[in-house]
Each structure stands twice: as structure tokens, then as C-alpha cells.
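All remarks here apply to the structure that follows.
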Amino acid sequence: MSVITLSDIKLPLGKNESELVKLAEKKLGKKPAYFAILKKSLDARDKSNIRFVYTIAFSKASVRAERPPLERLEKTKCPEKPVVIVGSGPAGLFCAIRCIERGITPIVMERGAPVDERARDIDAFVETGILNTESNIQFGEGGAGTFSDGKLNTQTHSILNKEVLETFVRFGAPEEILWLNKPHIGSDNLRVVVKNMREYILQKGGEVRFYTRLDDLQIQGGGLQSITVRNVKTQAVEIMEISALVLAIGHSARDTFETLQKRGVEMQAKDFAVGVRIEHLQSRIGFAQYGEKYELLPPADYKLVAHTPERSAFTFCMCPGGYVMPATSEEHAVVTNGMSNYAREGKNANSALIVQVTRADFGEQPLDGVAFQRQMERNAYIAGGKNYSAPVQKLGDFLLDKESFNFGEVKPTYLSGTAFADMREVLPSYICQTLKTAIGQMDKRLHGFASPDALMTGVETRTSSPVRIVRDNESLQSVSVENVYPCGEGAGYAGGITSSACDGLRVADAIFARFS
């Protein structure tokens, strides 16, 4: 008997998922030899009748995995000169693993530290205020996403999305990400996953070099011949001849952007978004989304959009039960990001509350967006007291243009300290005005979002790369320099963990096609 798939199966709260197996058994007349949950989502439209909705598959006989073994991927001979991947975020790691599976053993170079040491560097920054500019929330093993929520939902519809999820599970992520409607790994689990990926790369003959920064490119006849790399601990410099360079550098590698511009690599300024982190009590969000039964459900999330006459505002990277993190990679700057662990057990919910900005706001030159970000980050540093404390303001006071003097029910989770400030001193006036209009609209969709005690923490500027490194649509190489492969979010071709990982796979396949 072939596999049977049943969709739109509803289980009320309190019902165990074993009821799904019983349903399959009733359908087959015997216990299924194969059973799988294909999809799980939550229907909370009617708060008096909240239900989980499933799609399941089952069969009398065992079913082989649909995905062919990795060994069946077509392979090529590894080029004599190395393929170098700069960056160990999802784009870089997935690119490296795919290269290995294609017969190419790459060298992965990461300017930051291994993930455990990176976590210690972040803790030291919180405790002492001394920033390691090479090992922080932005730089280090796993990329910026490692100290986030590990959200894997994406608006892209790539055929590679499923493979990305399967690969994460293969390296230690919870299996449920394969069927949850809004999968997430959690920052605590991500640390284990990226270490497992590194060990696989090493076991298969690849290299992973930490504390190694790309400092320069040597280009001849329109093609990259070699690169200069620097050990940021010893300052030792090495010039390497290479066959291909993958730029999976992340959205905060500003010094690398400057080097690329200096060497004539074509780049463009790209639109992005800026604003603040906003915190509410997680219990308030749960009640607003699910009603009185919220405690029986996973921590609630939200996604809100508002359109004002001038521009749009939206929430981004929402972290249920999470924390606002000190995410600067440069001295004398304050940057925020959100993080939550797998359990999402924190008292507060936080989200980026951001406004779209375009080249009309900051300029047409490739690095104008970087300068725009830096100005707000330095404003936040000054407003916070010049000690990496973050400026904060209660939402009610922000809406009334009043200074805050005390916290309400929401206490800050930003670990490096906070200082009350007027967000008008930090953000451009049009950003503040757009936020004020948007918050009223958002409160109509999520009652309590405009709570006067909600807390705004500035600034959120690293939502996506302000730069696109222009590449050819077919070869995926830079349009101006052969042998260079812009990749992932930092290059302007992805917008999160899953899409970055997918882009890493695409670039690896493009390198394979070139050498096969």
C-alpha cells in the first residue's frame, strides 16, 4: 500500500499527538509501519476554539527516505589551488558542506572566534565594556544568526529550503523543525549545531581557520589571482593563490566592503530598515494572541506591518521569551539585536520595530548606507552615556515626546546597561514620526502593542546588508572580478538563516559546475 497523506487534521488543546497515530491505525486497520508529521501549525483565529492543525503521512509498510544518499551527488576533482570561503555564518557553512559533497575540500576563514570562545568574549564585553571588534555578536563562528532566535521560517520558496532544514537536523537541530509552521532552533541549540558542522568539514579534509581576516585582493586581467589574509591575534600576514573566493562575509563586514570598493569590485547601495527593539511582557503578548488559554500554548509571537503615507514600518526578528543583545562590532557605537533560547523562557518578548529607508534617504554611493547606520549607532552610544549602555524610552513617553524617568511593568533585558534618553536624539525625525503613526495601526491588530509601559531600546540598524555585491545571475560570480562569488546576506542575496544557507548551496553548485 502506498503512503497515505491526510491534511487539515485538527486537535484541540490538551489532546496528545498520539491521537494522530490512532487515526492512522484506524484508517489502515493496523498499526502503521511508517508514520510522520509533515506539517504542524496553530489556528488561533477563534480564541474560544484554539486548535493545532496537522498534515500526516503513514503507510502499512516502511518507507525509504526520499532524499538520495549524499554520495550520489555528482562530484568533481578538487582544484589544485584552494577554494576559500570567507565567513562561517549559514551561507559559508552550507557552502563549505556542499563543496565537500561535490568533491571540493574548501578552506573556511573566519575573522572571529570559535563559538564557545566567542560566547566568552560577548560575556566579557557585557561585564567590562571592553569590545573585541573581531569576536562579538556579529563576528565569529556561526555568524550573527548564532546569537539570535534561530528562526528558520522564510518568505522565499526555494526548492532548497527543505534540504536546509534536513541538514540542520542532521547536525543536531530538533527534528520538529521539519514540520513546524514556524520552525526555530534557539541560540543554545545553534551553538551545538555549528560546532558539529565545523567538525564535519574537518573530518572530510576541509580546513577551518579562526581569527583570519580577509585584508586584500590581488586582481589581474579582471580575475582574482590571490588574497591577503591576516591573523588578527598574531598579525601574521599571508598571501594565498586561490581558485575561487566565496564572500560570505555577513552584513557587518564594513572594512571588507571598503577593501572591495578600493579594488574595483562592483557594489551598489541597497535599501534596508532601521529603528529600535521594542519589549513587552511575554504574558501580555500571549494573552493578546490566544486569550486566557495562552499558558497552555507555546510562547506567542507576532508579525506586524503598517503603511503610512510616506513609508512602511514593520516588526522583524520577533523573539518570544527573549533578550535584547548588545550587537555592536565597532567601538563607540551601540547596536541592538534580539535573541532567545530554544525554550523561549524569558519574561519579555522583543522585536525589531523598524522603518524602511532607501537610497533617497542616505545616498547612491555603495557605502552611503554604512555611513547612515554608523551615525545612528554613534548617536545611540552618546545618548546611552558613552559606555555601551543603550538608550531606552517607555513607549508612552515616546508617543508624547516626553522624557522617561522610571520603568513600568517592562524591565529591560539589555545586559550592557541602559540609560533613559529621547529617541529623537538618536533616530532621524522622519523615522520617529513614522513609528508613532505605525504603532497606532499595529495596536489595532495586536491589542496592547501600544502599551505605555512597553520599552524601546535603540538602535536596530543591522537588519540587513546596506550593500549588494553585484554578481552574474548564471555564474554567480562578481560581474567585475572573475573567481569571486558574493554569497548570502552580507552580499545582498539573502535575508535570514534559511535563505542565506540556500544561497550557500547555490554558490557551491556554481563552483562545482565551473570545475566539473
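Residues that are surrounded by fewer than 16 Cβ atoms within 10 Å (Cβ to Cβ) and within 24 Å of residue 303 (Cα to Cα) within segment 139-173 comprise 155, 156, 157, 162, listed in sequence order. Of all the listed residues (336, 259), the sole one being outside the structural domain of residue 436 (by TED's automatic domain parsing), touching a strand residue (DSSP E or B) at 6+ places or on another chain (Cβ under 8 Å) and on the phi < 0 side of the Ramachandran plot is 259.
Residues considered: 308, 336. Of these, the only one that is β-branched (Val, Ile, Thr) and either at pLDDT 95 or above or closer than 14 Å to residue 148 by Cα (or both) is 336. Exactly one residue out of 118, 98, 102 is over 18 Å from the mean Cα position of the chain (by Cα), assigned by TED's automatic domain parsing to the domain that holds residue 212, among the basic types (Lys, Arg) and buried (at least 24 other Cβ atoms within 10 Å of the Cβ): that is 98. Residue 5 meets all of the listed conditions (1) modelled with pLDDT of 90 or more; (2) more than 22 Å from residue 165 (Cβ to Cβ) but one, namely (2). Filtering segment 217-236 to residues that are farther than 20 Å from residue 140 by Cβ and either surrounded by fewer than 16 Cβ atoms within 10 Å (Cβ to Cβ) or among the polar types (S, T, N, Q) (or both) leaves 218, 220, 221, 222, 223, 225, 226, 228.
Would you check if residue 351 is assigned by TED's automatic domain parsing to the domain that holds residue 300, polar (S, T, N, Q), assigned to a strand (DSSP E or B) and modelled with pLDDT of 95 or more? So residue 351 passes the test.
Residue-wise test of (1) among the polar types (S, T, N, Q); (2) within 30 Å of residue 82 (Cα to Cα); (3) at pLDDT 95 or above; (4) assigned by TED's automatic domain parsing to the domain that holds residue 339.
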site	(1), (2), (3), (4)
438	no, no, yes, yes
443	no, no, yes, yes
453	no, no, yes, yes
456	no, no, yes, yes
477	yes, yes, yes, no
481	no, yes, yes, no
493	no, yes, yes, no
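Taking the numbered list (1) surrounded by fewer than 20 Cβ atoms within 10 Å (Cβ to Cβ); (2) closer than 26 Å to residue 469 by Cα in turn, residue 272 passes all entries but (1).
Scanning segment 482-516 for residues that are touching a strand residue (DSSP E or B) at 6+ places or on another chain (Cβ under 6 Å) and aromatic (Phe, Trp, Tyr) yields a total of 1.
Counting only strands (runs of 3 or more DSSP E) that fall entirely inside segment 397-489 and contain at least 3 residues that are in contact with a Leu (Cβ under 6 Å, 6 or more places away or on another chain), the qualifying elements are 484-486. Return the total of residues in segment 295-314 being touching a Lys or Arg at 6+ places or on another chain (Cβ under 9 Å) and over 17 Å from residue 442 (Cα atoms). Here the count works out to 2. For residue 130, state whether it is among the hydrophobic types (A, V, I, L, M, F, W, C), in contact with a Gly (Cβ under 9 Å, 6 or more places away or on another chain) and either at pLDDT 95 or above or outside the structural domain of residue 168 (by TED's automatic domain parsing) (or both). No: the conditions fail for residue 130.
A Cβ distance below 6 Å, combined with a sequence gap of six or more or placement on separate chains, defines the contacts here; from segment 185-204, residues that are in the same structural domain as residue 154 (by TED's automatic domain parsing) and within 16 Å of residue 87 (Cβ to Cβ) reach residues that are aromatic (Phe, Trp, Tyr) and surrounded by 14 or more Cβ atoms within 10 Å (Cβ to Cβ) in the pairs 197/171.
Reported count of residues in segment 16-61, each being more than 14 Å from residue 5 (Cα to Cα) and touching a helix residue (DSSP H, G or I) at 6+ places or on another chain (Cβ under 9 Å), is 6. Could you list, in sequence order, all residues of segment 184-206 that are touching a helix residue (DSSP H, G or I) at 6+ places or on another chain (Cβ under 8 Å) and either surrounded by fewer than 15 Cβ atoms within 10 Å (Cβ to Cβ) or more than 29 Å from residue 132 (Cβ to Cβ) (or both)? Within segment 184-206, 204, 205 qualify.
So in segment 383-431, with the set limited to residues that are small (Gly, Ala, Ser) and without any contact (Cβ under 8 Å) to a residue 24 or more places away in the chain, which one is surrounded by the fewest Cβ atoms within 10 Å (Cβ to Cβ)? For segment 383-431, the residue satisfying everything is 429. Here segment 164-215 is the region considered, the condition is being more than 30 Å from residue 79 (Cα to Cα) and among the acidic types (Asp, Glu), and the residue that is nearest to the chain's Cα centre (by Cα) is 188.
The single condition among (1) under 30 Å from residue 346 (Cα atoms); (2) in contact with a helix residue (DSSP H, G or I) (Cβ under 7 Å, 6 or more places away or on another chain) that residue 181 does not satisfy is (2).
Residue 403 meets all of the listed conditions (1) at pLDDT 95 or above; (2) in contact with a Phe, Trp or Tyr (Cβ under 8 Å, 6 or more places away or on another chain) but one, namely (1).
Cβ-Cβ distances below 6 Å connect the following pairs, each with a first residue in segment 126-149 that is on the phi > 0 side of the Ramachandran plot, a second residue that is β-branched (Val, Ile, Thr), and a separation of six or more residues or different chains: 142/115; 142/194.
Quick check, is residue 239 within 23 Å of residue 106 (Cα to Cα), surrounded by 15 or more Cβ atoms within 10 Å (Cβ to Cβ) and of a type in the set (A, V, I, L, M, F, W, C)? The answer is no for residue 239.
The values are calculated or read from the model by the stated rules, or taken from the named source; none is laboratory data. Bear in mind that the values here come from a model prediction, so they are computed numbers and not experimental data. For neighbour counting, all protein chains shown are included, and Cβ atoms are generated from backbone atoms with ideal geometry for every residue, glycine included.
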